[in-house]
Amino acid sequence: MTRNVFVVGMNDLNAERLKRLRGVDDVAFHPLLTAAAVSETQDFDIPAMLAEAEATLDAHQGSIDAIVGYIDFPVSTMLPLLCAKYGTRNASLESLLKCEHKYWSRKVMAEAIPEHVPKFTAFDPFDDNALSRIGEADLSFPFFVKPIKSSGSRLGFRIDSPEDFDYAVAAFREEIGQISEPFNYVLDQADLPDDIKAIEGHYCMAEQVIGGRQCTVEGYVHEGEVVPYGIVDSIRYPQVLSFFYYLYPSTLPKRVQDQMNEITRKVMEHIGYDNAGFNVEYYWDEVQNKIWLLEINTRIAQSHCDLFEMVDGVSHQQVTVDLGLGRKPDMPQGEGPQNVAAEFFYRVFFNDATVARAPSRAEIEVASEQVDGTRIVSYVSRGMKLSELPEQDAYSYAVASVWMGAGKQSKLLWNYEQVMKRLNYEFTDIVE
């Protein structure tokens with residue numbers, strides 16, 4: 001009997017990945033909402049998206065055995081609502097929001113693992129006295145600010161002076177409504193404590209600056225059992241907050257990885273998150289031998305799918321599908337063709353610019369052929385403004401991603417250099 005799995009935002013690439021998972025011979029995967037509708041837009045009309053998804057599900061003639069996704073906001077917050085309505089498995093909306101509502105998340109972290117949580121406070125960016133209120137919360141320069149609900153590294157700023165804060169507040173006031181309004185809709189569907197209700201979707205977080213070697217623990221919870229299954233390093237460009245590449249498996253000392261896994265088990269059990277995948281971002285301050293928990297995401301990292309497939313043998317979408325179908329994930333270890341794998345981000349560090357030249361499809365194919373198994377995605381085309389790119393950090397624009405594997409990390413970096421020599425981007429109207 002065929003089991004029907006609906007995948008929110010499924011595109012052609014992920015449709016192929018899903019077919020390569022274990023135990024899916026009797027599974028039919030169905031797209032639910034287009035990838036463009038949920039990830040290539042800045043207009044997150046969640047009620048309209050839910051209505052469209054429900055119309056598709058209601059029109060389906062067979063069983064609805066699972067509804068899954070692998071994309072951040074708004075997909076992650078829509079899944080509990082859809083799964084509750086159609087009786088499929090997923091984490092509860094409240095446990096999900098304890099991770100995704102950054103203020104609520106910090107509060108529950110402080111209850112379970114206080115020694116791994118930086119100082120923090122919430123503030124209203126439309127409050128002209130916000131900076132003074134942050135100071136009253138025992139936070140002084142430098143500190144970091146971000147929305148209580150963000151996507152990727154969007155609208156995240158390091159604040160070293162009042163001028164930096166004014167710049168960040170201006171950006172919040174201009175852009176935060178794109179996320180706060182749809183996020184408020186989700187908050188209205190949940191049973192929230194009074195102190196969390198008061199921190200609405202347009203609020204932001206100020207946090208003590210933390211740092212060190214950054215990584216992500218990928219994991220899942222099945223019937224109350226928290227299982228971390230892989231750690232991916234996040235390598236930044238020198239002296240910059242932007243990511244250069246994600247590397248799997250992690251090169252952190254085993255004792256540090258073991259401690260992160262134990263912290264992960266403790267905090268996810270405290271939250272009550274269950275029957276869904278997640279990932280937790282950490283810093284290891286090597287000098288102080290201190291582990292900081294940065295944030296919890298309520299989905300597998302889509303950027304890591306190729307890395308797990310190259311090293312372990314299947315994409316970790318295995319976790320998402322198995323949990324959706326109510327079974328313990330069958331996630332292998334070390335069964336892939338490569339020892340290490342990475343996603344590299346080719347970035348330009350402009351405030352804005354116009355793309356004068358981008359590589360053609362043929363040029364991208366030739367570049368990919370330099371190293372077997374390489375996949376390249378270019379995000380820009382000739383004539384477009386870099387500011388048109390969605391979901392970018394505050395300091396750079398990622399114009400391309402390159403996924404590849406190798407026998408060791410040094411070879412991986414060499415391979416990347418060979419591939420990028422084949423790609424030619426040019427920019428005009430540069431705003432430094």
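Please list the three semi-axes, largest first and in whole Å, of the ellipsoid equivalent to the range 202-292, using sqrt of 5 times the eigenvalues of its alpha carbon gyration tensor.
23, 17, 13
Would the range 143-230 count as rounded, prolate or oblate if I go by the C-alpha gyration tensor, calling it rounded below 1.5 in a/c and otherwise prolate when a/b exceeds b/c, oblate otherwise? Walk me through the numbers before you get to the answer.
Numbers: a/c = 2.31, a/b = 1.24, b/c = 1.86.
Oblate shape, in that a/c is at least 1.5 and b/c is the bigger or equal ratio.
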message: What distance in nm lies between label points placed 7 Å from Cα along the C-beta direction at residue 363 and residue 339?
response: 3.4
Under 18 Å from the Cα of residue 408 - aspartates and glutamates, other chains or at least 8 residues apart: 233, 306, 309, 312, 335, 343, 372, 417
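Tell me the mean residue ellipticity at 222 nm calculated for the chain from its helices only (DSSP H runs of n ≥ 4, each -39500 (n - 2.57), averaged over every residue, nearest 500).
Details: 15 runs with 149 residues, N = 432.
Rounded to the nearest 500, it is -10000 deg cm²/dmol.
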query: Name the residues of the range 10-26 whose amide N is less than 20 Å from a point 7 angstrom out from the Cα of residue 34 along the C-beta direction?
result: 10-16
- prompt: Using a ≥ b ≥ c from the Cα gyration tensor of the range 315-402 (square roots of the eigenvalues), is it rounded, prolate or oblate, where a/c under 1.5 gives rounded and otherwise the larger of a/b and b/c decides, a/b for prolate?
  reply: prolate
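Convex hull over the alpha-carbon atoms of the range 72-203: what's its volume per residue in Å³? Present the calculation step by step, with values, prior to reporting the outcome.
On the way: hull volume 15.2 nm³, N = 132.
Value for the range 72-203: 115 Å³ per residue.
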query: Can you pull the percent of the chain's accessible area that's carbon plus sulfur, 1.4 Å probe, other chains left in place?
result: 47
field: Taking N as its residue count, the alpha carbon Rg of the range 33-115 over 2.2 N^0.38 Å
entry: 1.27
field: Where Rh is the Kirkwood radius over Cα pairs, Rg/Rh for the range 129-174
entry: 0.95
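Apply 1/(1 + (r/R0)^6) to the Cβ-Cβ distance of residue 429 and residue 178, taking R0 = 25 Å, and write down the FRET efficiency to the nearest 0.05.
Numbers: r = 25 Å, r/R0 = 0.99.
According to the calculation, E is roughly 0.50.
Using a 1.4 Å probe, what is the accessible area per residue for the chain, in Å²?
On the way: 18210 Å² over 432 residues.
Accessible area per residue, the chain: 42 Å².
Just to check, using Stokes-Einstein with a Kirkwood Rh over alpha carbon pairs, what's the diffusion coefficient of the range 1-157 at 25 °C and 0.890 mPa s in µm²/s? Present the calculation step by step, with values, prior to reporting the outcome.
On the way: Rh = 18.3 Å.
Estimated via Stokes-Einstein, D reaches 134 µm²/s.
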Proximal lysines to residue 266, defined as alpha-carbon separation beneath 24 angstrom and excluding residues fewer than eight positions away on the same chain: 98, 102, 107, 119, 149, 254, 290, 328
task: Express in whole angstrom the spacing between the alpha-carbon centres of the range 294-319 and the range 371-393.
output: 21
- prompt: For a paramagnetic label modelled at 7 Å from the Cα of residue 112 toward its Cβ, which residues of the range 228-265 fall within the zone defined by backbone nitrogen distances under 15 Å?
  reply: 228-229, 260-265
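Which semi-axis lengths, in whole Å and largest first, follow from the square roots of five times the eigenvalues of the Cα gyration tensor of the range 1-49? Provide the component values of the computation, followed by the final result.
Working: eigenvalues 127, 31, 6 Å².
After scaling each eigenvalue by five and taking roots: 25, 12, 6 Å.
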- prompt: Given q = 0.15, 0.18, 0.21, 0.22 Å⁻¹, what are the Debye log10 I(q)/I(0) values for the range 225-349, with equal point scatterers placed on the Cα positions and solvent ignored?
  reply: -0.76, -1.09, -1.40, -1.48
task: Kindly provide log₁₀ I(q)/I(0) values, in the same order as q = 0.11 Å⁻¹, from the Debye equation applied to equal alpha-carbon scatterers of the chain.
output: -0.88
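Given R₀ = 41 Å, what would the calculated FRET efficiency be for residue 195 paired with residue 328, taking r from the Cβ atoms and rounding to 0.05? Could the numbers behind the result be given before it?
On the way: r = 36 Å, r/R0 = 0.88.
About 0.70, to the nearest 0.05.
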- request: Sort all Cα-Cα distances of the range 240-308 into consecutive 5 angstrom bins from zero, then give the percent of pairs in each bin up to the one containing the longest distance.
  value: 3, 12, 23, 26, 22, 11, 3, 0
- line: Gyration tensor on Cα atoms of the range 358-432, a ≥ b ≥ c root eigenvalues, a/c under 1.5 rounded, else prolate if a/b beats b/c, else oblate, says prolate
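The values are calculated or read from the model by the stated rules, or taken from the named source; none is laboratory data. Keep in mind that what you see is a predicted model, and the values were worked out from it rather than measured. Neighbour counts are summed over all protein chains in view; Cβ atoms, including those assigned to glycine, are modelled from backbone coordinates with ideal geometry. Note: areas computed on protein heavy atoms with side chains; ligands, DNA, RNA excluded. Shrake-Rupley method; radii C 1.70, N 1.55, O 1.52, S 1.80 Å.
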